[in-house]
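Have a look at the structure below before the remarks.
Bear in mind that the values in this text are calculations on the coordinates, not laboratory data. Just so it is clear, the structure is predicted and the values come from calculations on it, not from any experiment. Note that we place each Cβ from the backbone using ideal geometry, even for glycine, and neighbour counts take in every protein chain shown.
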Amino acid sequence: MAIDRPLTERIRPGGEGAAIAAYEKAGGYEALRKALAGMTPQEVTKLVTESNLRGRGGAGFPTGPKWSFVPMGSDAPRPKYLVANADEMEPGTFKDRLLMEEDPHQLIEGMLLAAYAIKADVAYIFLRWEYRLAERRLHRAIAEAVEAGYLGRNILGSGWDLDMFVHISAGRYMCGEETGLLNALEGKRATPRAKPPFPQVSGLWGKPTIVQNVETLCNVPHIIARGAAWYRGLSRSEDSGTKLFGASGKVARPGLWELPMGTTIREILEEHAGGMRDGLRFRGLLPGGASTDFLVEEHLDVKMDFASIARAGSRLGTGTMIVLDDRTCPVGMVQNLEEFFAQESCGWCTPCREGLPWTARLLEAIEEGQGRPEDLERLSVHCKLLGPGNTFCALAPGAVEPLQSALKYFREDFEAHIRQNRCPRRSG
């Protein structure tokens with residue numbers, strides 16, 4: 001039987017999460033058995049590299065090459081760590097939650113394979129603190145895996161040991177940034193670290209560490225089980241595999257769907273999300289969560305893959321769209337986002353700490369009818385000052401992406417607020 005939706009093939013609506021017996025019955029842990037019985041860690045990394053799996057957390061870095069940077073051999077520093085980034089605090093994003101709640105053993109097997117590839121000794125699931133159901137199911141799944149011999153000492157008689165723990169996030173957006181996460185995991189303030197050194201060489205407690213997104217790791221068992229060519233063949237673009245795409249906002253059917261990489265925005269929006277609600281018209285969307293640039297009607301036939309979305313002027317990010325309709329004020333929407341990012345800034349660098357609250361206050365003034373024409377130029381200047389290369393990490397550059405693109409595509413809305421001294425969409 002052809003499998004074209006490997007990440008969600010075992011998920012059923014209203015399920016209680018896959019227990020280990022059901023997971024094994026559906027072929028679960030066979031990839032781990034295959035790897036430990038007949039593949040070296042280097043061969044696992046090579047197969048993942050050949051599959052062209054790219055990170056699903058936002059940046060899209062190739063997964064196999066990322067693993068290859070970890071020092072290997074008898075003289076490599078120990079212990080080595082694998083961390084699943086399950087913080088998922090990007091507004092509009094809820095894909096990893098589905099995978100952890102409904103098929104937790106898939107994540108555990110993916111982590112086992114990734115840990116084997118780098119010969120890690122300890123693995124952590126760094127979990128968003130609000131994900132209580134996922135926490136319970138992950139704890140249960142880890143206990144089942146230990147009892148079955150897939151975790152702990154001498155896994156499946158291979159002589160390799162791995163301990164796995166769930167660590168609850170401190171509850172800040174910055175905890176999702178790779179190095180901020182590592183600081184939080186060490187019990188420190190979640191601020192970013194200077195790179196280099198990169199975590200693959202000096203990460204958690206100064207030891208080699210791989211930090212990988214949940215969805216990325218869930219792809220690994222399927223690649224090991226079915227091969228790189230099969231995985232590449234799932235896609236409609238140069239980026240391999242499938243992707244969990246989502247849509248939120250005033251669409252008819254908000255949700256999440258596993259579809260081939262390269263599926264168009266139009267197909268996701270119209271066929272899967274059911275189009276806009278009755279009486280509403282599409283104006284634009286953020287294609288990959290709140291920290292991506294708006295795309296508009298002219299982009300509906302763009303493919304949802306890393307290169308195509310970049311050419312259109314945005315980023316694939318998490319692949320979870322936030323849709324803007326014609327009755328929602330884009331100024332108010334962007335103000336809400338900038339206030340979120342200003343609140344979540346760790347305060348480590350001045351442009352982010354001071355610049356984001358300033359942009360939020362300017363947007364609030366415009367939304368409340370107190371804006372001035374020169375405010376639009378001030379906002380544009382701030383978008384440049386907070387752009388790539390001007391801040392310590394990517395929080396501020398991502399935060400101003402929806403703002404800079406809103407000024408481009410919805411400038412008449414900003415100007416109407418200033419001209420009318422009010423939000424035109426407010427009654428009274």
Of the beta bridges DSSP finds with both residues in segment 20-232, what % are antiparallel, to the nearest 5?
10 percent
Quick one: Kirkwood hydrodynamic radius for segment 242-325, alpha-carbon pairs, angstrom, one decimal?
12.1 Å
Of the candidate values (1) 22.4, 66; (2) 27.3, 107; (3) 22.2, 73, the one computed for Rg and Dmax of the Cα atoms in Å from this structure is (3)
Segment 104-162: trypsin sites (Lys or Arg not before Pro) in DSSP loop, at most 16 other beta carbons within 10 Å:
153
How far, in nm, would the chain grow between residue 277 and residue 188 when pulled straight, counting 0.36 nm per residue and subtracting the alpha carbon separation?
27.5 nm
Viscosity 1.002 mPa s, temperature 20 °C: give me the Stokes-Einstein translational D for segment 356-404 in µm²/s, with Rh taken as the Kirkwood radius over C-alpha pairs.
193 µm²/s
Using per-residue counts of other Cβ atoms within 10 Å, averaged over each peptide, order 196-205, 351-360, 286-295 from highest down.
286-295, 351-360, 196-205
Distance between Cα centroids, segment 333-390 to segment 209-271: provide it in whole Å.
33 Å
When a footprinting reagent is the concern and you count Cβ atoms within 10 Å, what order do 305, 75 take, fewest first?
75, 305
Stretched out fully, how many nm does the piece from residue 69 to residue 167 gain, at 0.36 nm a residue minus the Cα gap?
32.8 nm
Less than 25 Å apart at the alpha-carbon level, and either on another chain or at least 8 residues along: which lysines does that give for residue 250?
95, 303, 408
Treating the angle as unsigned and between 0 and 90°, give the value, to the nearest 10°, between the Cα long axis of helix 104-118 and the longest Cα principal axis of the chain.
70 degrees
Is there a quick way to get the dipole size of segment 20-232? I mean about its Cα centre, with the Cβ of Lys and Arg at +1 and of Asp and Glu at -1; what is the value in debye to the nearest 20?
380 debye
Extreme residue, positive dipole direction of the chain, given options 203, 330, 350 (C-beta unit charges)
203
Pairs of Cα atoms under 8 Å, at least six residues apart: use those to get the relative contact order of segment 122-239, whole percent.
17 percent
Beta bridge orientation in segment 242-325: antiparallel %, DSSP, nearest 5
70 percent
Counting other Cβ atoms within 10 Å of each Cβ, which GluC sites (Glu not before Pro) in segment 128-207 have at most 13 and sit in a DSSP loop?
186
Shape parameters for segment 105-157, alpha-carbon atoms, Rg then Dmax in Å
11.6, 37
Between residue 37 and residue 425, what length in nm is gained on full extension when 0.36 nm per residue of separation is reduced by their alpha carbon distance?
133.3 nm
Below 8 Å between Cα atoms, with a sequence gap of 6+, how large is the relative contact order for segment 330-420 in percent?
37 percent
Dipole in debye (nearest 20) - segment 242-325, about Cα centre, beta carbon charges: Lys, Arg +1; Asp, Glu -1:
180 debye
Within the chain, the percent of DSSP beta bridges that are antiparallel, given to the nearest 5, stands at 40 percent
Angle check, please: helix 350-367 long axis (alpha carbons) against the longest principal axis of the chain (alpha carbons), in degrees 0 to 90, nearest 10.
50 degrees
Hey, if you put +1 on the Cβ of every Lys and Arg and -1 on every Asp and Glu Cβ in segment 20-232, which of 141, 64, 36 ends up farthest toward the positive end of that dipole?
64
³J(HN,Hα) across segment 120-135 via Karplus (A = 6.51, B = -1.76, C = 1.60, θ = phi - 60°), whole Hz, x for Gly/Pro?
6, 9, 9, 10, 10, 9, 8, 9, 3, 5, 6, 7, 5, 5, 4, 4
Between helix 41-51 and the chain, what is the angle of the helix's C-alpha long axis to the longest principal axis, kept within 0 to 90° and rounded to the nearest 10?
40 degrees
Using the Cα centre as the reference, give the magnitude of the dipole from point charges on the C-beta atoms of the chain (Lys, Arg: +1; Asp, Glu: -1; all else neutral), rounded to the nearest 20 debye.
380 debye
Taking the convex hull of the Cα atoms, report for segment 330-420 its projected area averaged over all directions, in nm².
4.9 nm²
12 Å beta-carbon shell around residue 7, net charge (K/R +1, D/E -1):
-2
With an 8 Å cut-off on Cα pairs and a minimum separation of 6 or more residues, tell me the relative contact order of the chain in percent.
15 percent
Sorted by Cβ neighbour density within 10 Å, fewest at the top, the residues 381, 70, 302
381, 302, 70
Taking the number of other C-beta atoms within 10 Å as the exposure measure, put 155, 125, 3 in order starting with the fewest.
3, 155, 125
